[in-house]
Amino acid sequence: MSSFGEPIGSSVTAADSPAVAEPTVGPGPDEAKVIRREHLALLLRSKTFIAGALILGFWIVCAIFGNLIAPDDPLRTNPVAALQAPSSAHLFGTDTLGRDVLSRVLVGARDILIVAPLATLLATAMGTLLGLVTGYFRGFVDDSLGRLIDAILAVPVVIVGLLSMVALGPSTVTVIFVIAVVFTPVIARTVRAAVLSEVQYEYVAAARLRNERAPYILFGEILPNVMGPVLVEFTVRLGYAIFTIATLSFLGFGIQPPAPDWGLQIYQHYGLISGGYWWPVLFPALAIASLVIGVNLLSDGISQAFER
Amino acid sequence: MTRFIAKRLGLGLITLWLLSVLVFFGTQVLPGDVARRILGPFASPSAVTALNKQLGTDKSVFVQYLNWITGLFHGDLGTSVATRTSVSSIVFPALWHSAKLAILAFIIVVPLGILGGVLAALYEGRFRDRLISVGGLSATTVPEFVWSVVFILVFALWLGILPSTATAPPGSGFLTQIEYLVLPALCLVFVLFGYIARMARAGTIESLEADYTRTAVIKGLPYRTVVRRHVLRNSLLPTIAVVATQAGYLIGGLVAIELVFNYQGIGQVLYRAAIQKDFPVLQSAVLIVGVVYLVATLLADLAYSLLNPRIRFESSS
């Protein structure tokens with residue numbers, strides 16, 4: 001991709017993939033490519049997107065190479081050196097078990113950056129399926145699912161989390177389940193709205209006249225045309241998923257010890273704040289804040305590029 | 001209008017029923033042997049049988065559900081397994097505590113959020129707008145418990161100007177109580193500000209672009225008057241309606257905040273009940289949260305339709 005900085009509308013130069021020798025101005029796929037490029041150009045000019053991508057990128061690097069970057073083993077306990085204030089030996093101090101807080105903060109990105117995208121992906125897949133079906137078929141299916149969606153949306157996320165924790169026990173799988181249950185209806189509603197506006201177009205009517213089967217129309221014709229909203233919804237929900245998982249971990253229902261998860265670290269140490277031990281709490285708190293803000297700047301940039 | 005209310009009420013009741021089934025299955029059916037779950041693996045089988053009998057969990061699922069619902073309709077929320085006191089003596093004082101916290105937060109955040117949103121809309125696309133929009137979005141996306149610990153650190157530990165718990169000493173006056181509630185309320189303010197500001201901004205931009213605004217400008221009204229009389233009147237209505245729907249979310253956020261500030265509100269009750277497997281308390285507290293949420297959204301819809309004749313007539317036709 002050499003043409004990142006090109007202004008919008010400048011000709012689509014010989015495509016990057018030489019395998020497709022297309023005429024200069026072709027219909028269909030070429031047009032889609034132009035639109036995609038316009039989106040990309042808009043994204044790269046958006047300061048919020050760049051800032052978000054840099055922050056998220058930093059934490060992804062930490063999640064992958066955390067053990068190499070971290071000055072110490074994030075799981076190694078050292079009771080003699082418990083709760084030491086930040087110093088040159090431990091830049092962020094040590095926690096109640098004498099573990100190096102800096103190392104735990106650096107490696108702490110890993111669990112949440114695995115669990116949150118997985119859970120969001122699951123919810124997006126189910127929500128998209130549900131949205132396609134309810135938006136296309138309407139009638140009874142739409143009505144009854146709509147009521148169910150309303151009912152689920154009326155329950156605060158944390159309560160779904162509490163109930164699932166009681167019913168299923170605390171684990172990472174429970175967290176993914178909670179996120180999927182809570183986000184699927186929200187995503188379904190957005191996708192349904194997008195499908196409703198697509199169904200009016202001629203291409204859907206044409207496909208119906210060609211006697212195509214419903215699954216083909218849904219996934220072959222409509223789905224590619226609603227991918228924009230789906231992508232936006234995914235990034236927005238990813239931010240909420242990180243928010244929710246951090247909160248569940250903080251309540252002790254999410255990612256389980258001894259994982260160096262940030263929410264969990266705060267859960268284990270927030271009672272010590274009034275005793276003056278601020279470092280095992282403040283640094284993970286700043287890490288969570290930077291990650292969620294990064295993801296939301298990113299999704300804000302994406303939605304502004306796509307929704308115009 | 002009556003039909004509109006009846007329809008909304010009906011929908012609310014269906015939602016409430018679904019919620020009750022969800023809660024019931026989550027707490028009483030899925031965990032399997034309820035008494036074993038409460039008493040732990042080392043309790044004697046006879047104690048487990050006795051507790052199951054006392055809780056009524058030895059009967060069939062449908063009988064249990066019916067008993068629970070009938071009890072609710074008679075105002076009997078049951079007895080807490082953990083404290084052996086009636087559930088209503090635990091849940092309702094806690095609800096009042098949470099309400100105090102929520103009211104204080106709303107009094108601060110609603111005017112602030114609307115002001116921020118309107119300012120952002122009037123300066124759309126310029127620096128002030130980006131500052132409010134991006135700043136609000138960032139504040140909203142940081143979890144409440146993160147704000148809680150950061151605020152305690154800054155205001156209670158380092159500056160030492162505000163208490164680090166939310167519970168005022170017993171018998172303290174109104175102002176002291178508020179002083180203790182400021183920090184937790186501030187956490188809610190930070191999380192809600194971005195949301196309200198975004199709604200107010202969208203509504204204001206929409207009515208700034210409307211034909212009646214253009215007409216008012218063209219006929220020579222001063223810009224201030226146009227904004228006050230034409231723009232704000234039309235944009236703030238939907239904002240206020242949306243604000244009310246945040247009640248349910250608020251309660252979710254309260255769990256973490258009340259935990260950090262050690263405040264005996266409904267969020268803390270929910271959390272403790274879940275940890276202690278105090279199912280009668282958990283069931284009632286969840287249902288009450290559901291009722292509060294539904295009543296809040298219903299009132300918001302009603303207020304909105306009363307204030308806005310367009311909605312009222314559309315729904316009746």
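Read the figures in this text as sums done on the coordinates, not as results from a lab. Here the structure is a predicted model, which means the values were calculated and not measured. Cβ coordinates were reconstructed from backbone atoms using ideal geometry, including for glycine residues, and neighbour counts include every protein chain displayed.
How do the peptides A:198-204, B:34-40 rank, highest first, by the average count of neighbouring beta carbon atoms within 10 Å per residue?
Values: A:198-204: 13.0, B:34-40: 17.7.
Most protected by this proxy first, the peptides run B:34-40, A:198-204.
Report the relative contact order of chain A, percent, no decimals, based on alpha-carbon pairs under 8 angstrom and at least 6 residues apart. Write out the running numbers ahead of the final one.
Details: 421 pairs, mean separation 74.2, N = 308.
Relative contact order for chain A comes out at 24 percent.
Suppose a student asked you for the relative contact order of chain B, using Cα pairs under 8 Å spaced at least 6 residues apart; what percent would you report?
After rounding, I find 25 percent.
Provide B:286, A:34 in ascending order of the number of other Cβ atoms located within 10 Å of each residue's Cβ, fewest first.
With the sparsest Cβ surroundings first, the list reads A:34, B:286.
Need one number: nm distance between label points at residue A:121 and residue A:208, each 7 Å from Cα along Cα→Cβ, rounded to one decimal.
3.5 nm
To the nearest 20 Debye, how big is the dipole of chain A about its Cα centre, given +1 on the beta carbon of each Lys and Arg and -1 on that of each Asp and Glu?
Details: 18 positive and 22 negative charges, 58 e Å.
Here chain A has a charge dipole of around 280 debye.
Net charge near residue A:74: determine it from the other residues with C-beta under 15 Å of the C-beta of residue A:74, scoring Lys and Arg +1 and Asp and Glu -1.
-2
When N counts the residues of segment B:31-76, how does its alpha-carbon radius of gyration compare numerically with 2.2 N^0.38 Å, as a ratio?
1.26
Just want the ordering: B:83, A:94, from fewest to most Cβ atoms lying within 10 Å of their own Cβ.
Ascending number of Cβ neighbours within 10 Å: B:83, A:94.
Mind ordering A:156-162, B:230-236 by average Cβ neighbours within 10 Å, highest first?
By packing density, highest mean first, the sequence is A:156-162, B:230-236.
Going by how many other Cβ atoms sit within 10 Å of their own, how do B:76, A:111 line up, fewest first?
On the way: B:76 15, A:111 23.
Fewest-to-most ranking of B:76, A:111: B:76, A:111.
Any idea how far apart residue B:161 and residue B:60 come out in nm if each label point goes 7 Å out from Cα toward Cβ?
Spacing of the two 7 Å Cα→Cβ label points: 6.5 nm.
Placing +1 on the Cβ of each Lys and Arg and -1 on the Cβ of each Asp and Glu in segment B:91-316, which of B:227, B:103, B:191 has its Cα farthest towards the positive end of the resulting dipole?
My answer, from the dipole projection, is B:227.
Give me a single rounded figure for B:134-141: the average over its residues of other chain Cβ atoms within 10 Å of their Cβ. Before the final figure, lay out each step's value.
On the way: counts 7, 0, 0, 7, 8, 2, 5, 14.
Mean inter-chain Cβ contacts per residue within 10 Å come to 5.
What size of dipole, in debye to the nearest 20, comes out for chain B about its Cα centre when the only charges are +1 on Lys and Arg C-beta atoms and -1 on Asp and Glu C-beta atoms?
Rounded to the nearest 20 debye, it is 680 debye.
At R0 = 22 Å, how high is the FRET efficiency between residue B:67 and residue B:295 if r is their beta carbon distance? Nearest 0.05 is fine.
Numbers: r = 25 Å, r/R0 = 1.15.
FRET efficiency, residue B:67 to residue B:295: 0.30.
Can you give me the Kirkwood hydrodynamic radius for the protein assembly as shown, using every pair of distinct Cα atoms, in Å to one decimal?
By the Kirkwood definition, the hydrodynamic radius is 27.0 Å.
May I ask you to derive the relative contact order of segment B:13-118, considering only C-alpha pairs under 8 Å and at least 6 residues apart, and to give it as an integer percent?
12 percent
In whole Å and largest first, what semi-axes does the C-alpha gyration tensor of chain A yield when each eigenvalue is scaled by 5 and square-rooted?
Rounded to whole Å, the semi-axes are 43, 27, 14.
Just going by the charge dipole of the protein assembly as shown, with Lys and Arg at +1 and Asp and Glu at -1 on Cβ, which of A:128, B:269, A:273 is farthest out on the positive end?
B:269
Take the Cα atoms of segment A:172-251, find their three principal axes, and give me the spread along each one in whole Å, biggest first.
The Cα atoms of segment A:172-251 stretch 55, 20, 15 Å along the principal axes, largest first.
Using a 10 Å cut-off on Cβ to Cβ distances, tally the other chain neighbours for every residue of B:147-160 and report the average as a whole number.
Details: counts 2, 5, 10, 6, 0, 5, 6, 2, 0, 2, 6, 1, 0, 0.
If you average over the peptide's residues, the count of other-chain Cβ atoms is 3.
For chain B, what is the Kirkwood hydrodynamic radius in Å, using each pair of distinct C-alpha atoms? It would help to have the intermediate numbers written out before the result.
On the way: mean 1/r = 0.0446 Å⁻¹.
Final number for the Kirkwood radius of chain B is 22.4 Å.
Taking N as the number of residues in segment B:152-270, what value does Rg over Cα atoms divided by 2.2 N^0.38 Å take? Don't skip to the end; give the middle numbers.
Working: Rg = 20.3 Å, N = 119, 2.2 N^0.38 = 13.5 Å.
Scaled against compact globular proteins, the figure is 1.50.
Roughly how big is the protein assembly as shown's charge dipole about its Cα centre, with Cβ charges of +1 (Lys, Arg) and -1 (Asp, Glu), in debye to the nearest 20?
1220 debye
Could you identify which residue out of B:301, B:58, B:278 has the top mean-square fluctuation in a GNM of chain B using Cα springs shorter than 10 Å?
B:58
What does the average come to when, for each residue of peptide A:272-279, you count the partner chain Cβ atoms lying within 10 Å of its Cβ?
Mean partner-chain Cβ count within 10 Å for A:272-279: 3.
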